[in-house]
Amino acid sequence: MRILVDKDIPYIHKLFGLHNKIVVCAGRAISAKDIRNIDTLIVRSVTKVNRKLLDDDSIKFVGTATSGVDHIDQDYLKKYGINFVYAPGNNAAAVVEYVFAALFWLAERDRFFLRDKIIGIVGVGHVGNLLYERLHSFGIHTLLCDPPLAKKNISKRKHSWKSFEKLVSEADILTFHTPLIYNGNYPTWHMVDIDVLEALPTNCILINTSRGSVIDNHALLKVLEHGKKLKVVLDVWETEPELSLPLLSYVDIGTAHIAGYTLESKTRSITQIYNEYCKFFNIFDTVNLSELEPSVICYLKLQRKIDEMLLNKLIKFVYNIHCDDLLLRQFAAVQGGFDKIRRRYLDRREWSSLCVETDIDYNNEILANLGMNTCCT
Ligand SMILES: NC(=O)C1=CN([C@@H]2O[C@H](COP(=O)(O)OP(=O)(O)OC[C@H]3O[C@@H](n4cnc5c(N)ncnc54)[C@H](O)[C@@H]3O)[C@@H](O)[C@H]2O)C=CC1
Ligand SMILES: O=C(O)C(=O)[C@H](O)COP(=O)(O)O
C-alpha cells in the first residue's frame, strides 16, 4: 500500500510503517502530483481534499485526523466511492480545557467570578456538550443554542434550547463550537456579523475555537477599532495562516489554532484513523493506545475545598494559555510563523494527566467531573 500523509501527524511510521510505503508531505503543499499512485491519503485541516487534488483514480481511502471536515469535499469522495473517515470528538477535551483556561485567565485579570456570569454555548456537539457538562458540574450557568440538535430533539438534557438571538442578548460570554457551514437551514459562515457584534452587550466575552469564518473578522476589527468594548479570544482566524495583525492587536487572547492540540488528542485522533484504516482494508491489527498514550506526569495534593481560585491554579499548572498568546504575538509577523508555532507546538497535556490527592469528598466529585484523576489519601 502507498500512503501519503501530512508530515505533521504524529506516530505515522509507528502505526502504518510496517507493511506500507509511506510518503510524507507538508500539509499545505500536498498537490495532485503527490497523489499519483497513492492508495491512502491522511491529512489535517490544512489540506483541501477535492476534485482539484484527487484527479488520479488510485485513491481508495481518505482520512482526516480532525473533528472539523470543512476542508473535505465529501460529496466528491462519495460520488467516486472513496472511503472517508475523520476523528470526531478526540480533541473535545483539549478544546474544553482551552476554553476553561481562557475564561479563568480573563476572570483573574478582570477580577470577576464565573459563577456570576451566563455562558452561551453555540454548538453543543462533542466540544459544546462536554463544555456544558464541566461548567454545569462546577455550578456555572449556561445557555445552549444548537438548532439542528434541537430540531432532532435527541437531547437528553432537561435544559430548553435557546435561539441564537437569545444568547446574543442574554449571555455575558459567547463561545462557538459549530462546524463551518456555508448553506442549508443553519449556516454558520459569518453567523457573527456586524449586526450581531453591534448588538452584543458591552464587555461581552467572545470566544472562537471553531473556524475563523464563523465570525466575520473584518467586521470584528471594525467594531473594535470604533471602540466597541468586547473581550475577544480567538484560536481560529478567517485568513489562517496569514493573520490580521491589527485584529491580533485588539484581541485579549490570540492563539495559533492550537485549542485542540494536546498529546492525548493527537494520539486519540490518529489511532482512530488507523483503526478505521485497518477495518477498511481488512488488516487484522489493533494498536494498543497505552503504547502511545503518555503516562501521568504530575501529582498534587489539595489541602482545602476547591473553589474558582484554586481551580484556576490547577488549570494554570497543567496549561497556561497566556504563554500561547505571547507565542503568537512574538511570531505572527514572521513569514510562516503561524504554521511554525503549530508544527513545533510543545506537548500540551490534558487535565487527565494530573493526579490530584484530596481527602475532601466534595473535591473528589468536582475534580472527577472536570476530568482530572483523583486519589484519596
Ligand atoms: N480549534 C481547534 O483546535 C478545534 C476546532 N474544532 C472545530 O469545532 C467544531 C465543533 O467541534 P465538535 O464539537 O467536535 O463538532 P460536532 O460536530 O460534534 O458538534 C458541532 C455541533 O454544532 C451544531 N451546529 C451546526 N450548525 C449550527 C448552528 N447554525 N448553530 C448552532 N449549532 C450548530 C451541530 O448540531 C453539532 O451539535 C468542529 O467542526 C471544528 O470546526 C474542533 C476541534 C478542535
Ligand atoms: O479537529 C479540528 O477540526 C481542528 O481544528 C484541529 O485542531 C485542526 O488541527 P490540524 O488538523 O490543523 O492540525
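The values are calculated or read from the model by the stated rules, or taken from the named source; none is laboratory data. Just so we're clear, the structure is a prediction, and the values are computed from it rather than from any experiment. Here the Cβ is made from the backbone with ideal geometry for all residues, glycine too, and neighbour counts use every protein chain on show. For the accessible areas, the whole protein counts, side chains as well, though only heavy atoms, and no ligand, DNA or RNA atoms are used. Shrake-Rupley method; radii C 1.70, N 1.55, O 1.52, S 1.80 Å.
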- Note on the structure: Subset of the stretch 20-41, residues within 14 Å of ligand 2 (Cβ to nearest atom) and among the β-branched types (V, I, T), comes to I30
- Quickly run through the stretch 216-253 and pick out the residues that are crowded, with 20+ Cβ neighbours inside 10 Å and within 16 Å of ligand 2 (Cβ to nearest atom). V233, L234, D235, V236, W237, E238, L243
- Restricting the search to the stretch 257-283, which residues are over 17 Å from the mean Cα position of the chain (by Cα) and either crowded, with 19+ Cβ neighbours inside 10 Å or part of a helix (DSSP H, G or I) (or both)? T271, I273, Y274, N275, E276, Y277, C278, K279, F280
- Message: If I filter the stretch 20-34 down to residues being more than 25 Å from the chain's Cα centre (by Cα) and within 19 Å of Y274 (Cα to Cα), which single residue comes out as surrounded by the fewest Cβ atoms within 10 Å (Cβ to Cβ)?
- Response: K21
- Any idea which of K60, K52, K152, K79 is over 26 Å from Y182 (Cα atoms), more than 16 Å from ligand 2 (Cβ to nearest atom) and either out of contact with any strand residue (DSSP E or B) (no Cβ under 6 Å at 6 or more places or on another chain) or open to solvent by less than 30 Å² (accessible area, probe 1.4 Å) (or both)? K60
- List every residue pair whose Cβ atoms sit under 8 Å apart, with the two residues 6 or more apart in sequence or on different chains, where the first one lies in the stretch 239-259 and is acidic (D, E) and the second, anywhere, is in a loop (DSSP other than H, G, I, E, B) and within 16 Å of ligand 2 (Cβ to nearest atom). E240/H257
- Note on the structure: Of the residues in the stretch 158-180, those that are in contact with a helix residue (DSSP H, G or I) (Cβ under 7 Å, 6 or more places away or on another chain) and within 16 Å of ligand 2 (Cβ to nearest atom) come to T175, F176, H177, T178, L180
- Taking the stated definitions as given, is D73 among the charged types (D, E, K, R) and crowded, with 16+ Cβ neighbours inside 10 Å? yes
- Query: From the residues in the stretch 55-69 that are in contact with a Ser or Thr (Cβ under 6 Å, 6 or more places away or on another chain) and under 16 Å from T40 (Cβ atoms), which one is nearest to ligand 1 (Cβ to nearest atom)?
  - Reply: A65
- Within the stretch 95-111, identify whether any single residue is open to solvent by 30 Å² or more (accessible area, probe 1.4 Å), within 16 Å of ligand 1 (Cβ to nearest atom) and not β-branched (V, I, T), and answer yes or no. no
- Residue in the stretch 316-354 that is nearest to V236 (Cα to Cα), counting only those that are touching a residue at least 24 places away in the same chain (Cβ under 8 Å), open to solvent by 80 Å² or more (accessible area, probe 1.4 Å) and assigned to a loop (DSSP other than H, G, I, E, B): A333
- Task: Among the numbered conditions (1) within 15 Å of ligand 1 (Cβ to nearest atom); (2) out of contact with any Lys or Arg (no Cβ under 8 Å at 6 or more places or on another chain); (3) of a type outside the set (F, W, Y), tell me where L206 comes up short.
- Result: (2)
- Can you tell me which residue among T267, T209, T271 is closer than 30 Å to D116 by Cβ and in contact with a helix residue (DSSP H, G or I) (Cβ under 7 Å, 6 or more places away or on another chain)? T209
- Given the structure, is T188 more than 30 Å from A368 (Cβ to Cβ), of a type in the set (S, T, N, Q) and open to solvent by less than 20 Å² (accessible area, probe 1.4 Å)? yes
